[in-house]
Amino acid sequence: MALTLHDTLTRQSRTIQPLDGRTLRFYCCGPTVYGPAHIGNFRTFVAQDVFRRVVEMGGLPTLHVRNLTDVDDKTIRDSQKAGQSLGDFTRFWTEKFHADCAALNLLPPHVEPSAVAHIPHQIRMIETLIQRGHAYASADGSVYFKVASYPDYGRLSHLEDRELKLGASTTAGAMDSDEYSKDSLADFALWKARRPEDGPNHWPSPWGDGRPGWHLECSAMSLEYLGEDFDVHSGGIDLIFPHHENEIAQSCCSTHGKFAHHWFHVTHLMVDGGKMSKSLGNLYTLEDLQKRGYHPAEVRYVLISGHYRAPLNFTFHSLDAARQALQKLARFDKALLERGCAASPARGDLAPGPFADAWKTLTDDLNVPGALGAVFGAINRTKPAALTEAEVLACHRGLHFMLEALGLRLPPILDEAAVEVPAEIATLAEQRWNAKQSKDWAAADALRKELDALGWIIKDGKDGYQVMPK
RNA sequence: GGCGAGGUAGCAAAGUGGUAAUGCACUGGUCUGCAAAACCGGUAUGCGCGGGUUCAAUUCCCGCCCUCGCCUCCA
């Protein structure tokens, strides 16, 4: 397999090859656990999950690290507001996050380090940066990274002329009192001195009590679990600047390595053609969608249905379309099962087979929409009833190979799903069936119409009928 | 202003220097008492606009318009 992936730094698609020749090591910026993640956050995590699955299905083991940001301005502020300890507060939201991830069929990372549990690592990194002349402590006990000491700063985001913009933000009044203690406005905090409003949330350091700056945790924890050099670093497109730029500066100035060798950024999700925001009321969580009757698998399908580097517009219509598309896949799978396939093929037996085109497309910069198109194309060309036994088996294994690579789980076929039918509805349906049996078409149609008005549909079979909500 | 992404059928979304995958929706047919489901078909002479290169461009080049994102802590 030759998997290619676009690299933000070089702006080119590059072949994925593990630095150590054995395992692909990659780091993803995880959630800040101070509230429920929304589907925009999950677009990024799902895209990363597809990447990992494609790498693994291609035969390359991964070492996947995704952190939890459980100490920062927002977690501290909101835990205090909730009257909870920081630990209790972030644990609650971490568990919620994990539940959502499981529902979306995300593979759990191999390591999920907590920022608050790695403060000593972060302090050590700051000490090294100070020793090497890349950081300095200010009078109030904060420590800043000296951007001017790192000539490569800005390479990832290609924002060369920082000073112009910094001047602009100053005149816009963005400067707060903290920033006066910096040598340069471009410098960013590695350690933030304790403030009264932080409550009990402060830790000792050589520069006094305080807490680590946000950017530092990823540098410290990726070093701890992946080393000075590792393969891929990923996050939402908004993290390119300043977060990843800052990580590069911290890591490259405190180690002898080159940090991440490949940058994988996922474009934002849009809702109803625009940006998601609380004020517009279009910021959905997985739970919001589940309450509206959508299954997480349908949400996942929507989130992968656009290429990760293109804007994707999320709508309820797209969720409905996802439901039908998954049904189509499930029906095809069922047709294969009826030809005698095992329900769950062993993962080791999976191979692209008749879906080789789809797989090839998927390995070309994770072209999920193209791959899905190829899957359906293959399905449309295949008549399960006309296949030989060997072909049926290969087809089934190929289908499940692709489903596994995309992380799609087939839903039950809707016709067969158990539905709770209220007694009054059941009675009307029974009356209609009886009318139909006695060929009283007028009465049967009237009852069908009545049920329709109540929101129920009758589906007749040969020997019986089914009542379904509309 | 700088940097980046994108503008393809009603909606969504791939793709290619030689005349446009796929999903949804819509629609014709088979089936059905009628439906539904399923299955078999159909649906962009067109790919933001204007030039240019070429035997040939939606695909390359130039200009323009529009949308979205980032520009100090937002996936």
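Rounded to the nearest 0.05, the FRET efficiency derived from the C-beta distance between A:Asp229 and A:Asp320 at R0 = 51 Å is 0.65. If you line up the long axis of helix A:86-103 against the longest principal axis of chain A, both from Cα atoms, how many degrees apart are they, to the nearest 10? It works out to around 40 degrees. Note that the range A:418-469 shows a convex hull volume over its alpha carbon atoms of 67 Å³ per residue.
Can you tell me how the range A:16-266 classifies by the Cα gyration tensor, rounded, prolate or oblate, using a/c under 1.5 as the rounded cut? Oblate shape, in that a/c is at least 1.5 and b/c is the bigger or equal ratio. If the segment from A:Asp272 to A:Asp357 were pulled out straight at 0.36 nm per residue, it would be longer than the present Cα-Cα gap by 27.4 nm. Between rounded, prolate and oblate, where does the range A:296-381 land on the alpha carbon gyration tensor, with a ≥ b ≥ c its root eigenvalues, rounded for a/c under 1.5, else prolate if a/b exceeds b/c? Cα axes put the range A:296-381 in the oblate bin. Sparsely packed loop sites in the range A:3-51 (the trypsin sites (Lys or Arg not before Pro) outside DSSP H, G, I, E and B with at most 12 other Cβ atoms within 10 Å) comprise A:Arg11, A:Arg22. Quick check: the angle from helix A:119-131's long axis to the longest principal axis of chain A, C-alpha only, nearest 10 degrees? For A:119-131 against chain A, the angle is about 40 degrees. Taking a ≥ b ≥ c as the square roots of the eigenvalues of the Cα gyration tensor of chain A, is the shape rounded (a/c under 1.5), prolate (a/b larger than b/c) or oblate? In terms of gyration-tensor shape, prolate. For the range A:1-129, list log₁₀ I(q)/I(0) at each q in 0.12, 0.14, 0.18, 0.23 Å⁻¹, using the Debye formula over Cα point scatterers of equal strength and ignoring solvent, two decimals each. Log-scaled intensity ratios, in q order: -0.58, -0.76, -1.08, -1.32. FRET efficiency for the pair A:Arg14 and A:Arg331, taken as 1/(1 + (r/R0)^6) with r the Cβ-Cβ distance and R0 = 41 Å, rounds to 0.60. Heavy atoms of the protein chains alone define the surface here; on that basis the range A:9-89 has 37 Å² accessible area per residue at 1.4 Å probe size. Cross-link list A:Lys96/A:Lys291; A:Lys291/A:Lys470; A:Lys74/A:Lys275; A:Lys383/A:Lys470: which exceed 19 angstrom alpha carbon to alpha carbon? Exceeds cut-off: A:Lys74/A:Lys275; A:Lys383/A:Lys470. How far is helix A:423-437 tilted, in degrees, relative to the longest principal axis of the Cα atoms in chain A, given as a value from 0 to 90 rounded to the nearest 10? That helix lies at roughly 40 degrees to the long axis.
Modelled this way, with points 7 Å down the Cα-to-C-beta line, the labels at A:Glu420 and A:Asp349 are 3.8 nm from one another. For A:Lys439 and A:Asp152, a Förster radius of 56 Å and the Cβ-Cβ distance give a FRET efficiency of 0.10, rounded to the nearest 0.05. Taking A:Lys462 as the anchor, which lysines have their alpha carbon closer than 17 Å to its alpha carbon, excluding any fewer than eight residues away along the same chain? Straight-distance partners of A:Lys462: A:Lys436, A:Lys439.
The values are calculated or read from the model by the stated rules, or taken from the named source; none is laboratory data. On a predicted model such as this, the values are computed, not experimentally measured, just so you know. Glycine gets a Cβ as well: all are built from the backbone with ideal geometry, and neighbour counts include every protein chain shown. These accessible areas exclude ligands, DNA and RNA; they are computed on the full protein's heavy atoms, side chains included. Shrake-Rupley method; radii C 1.70, N 1.55, O 1.52, S 1.80 Å.
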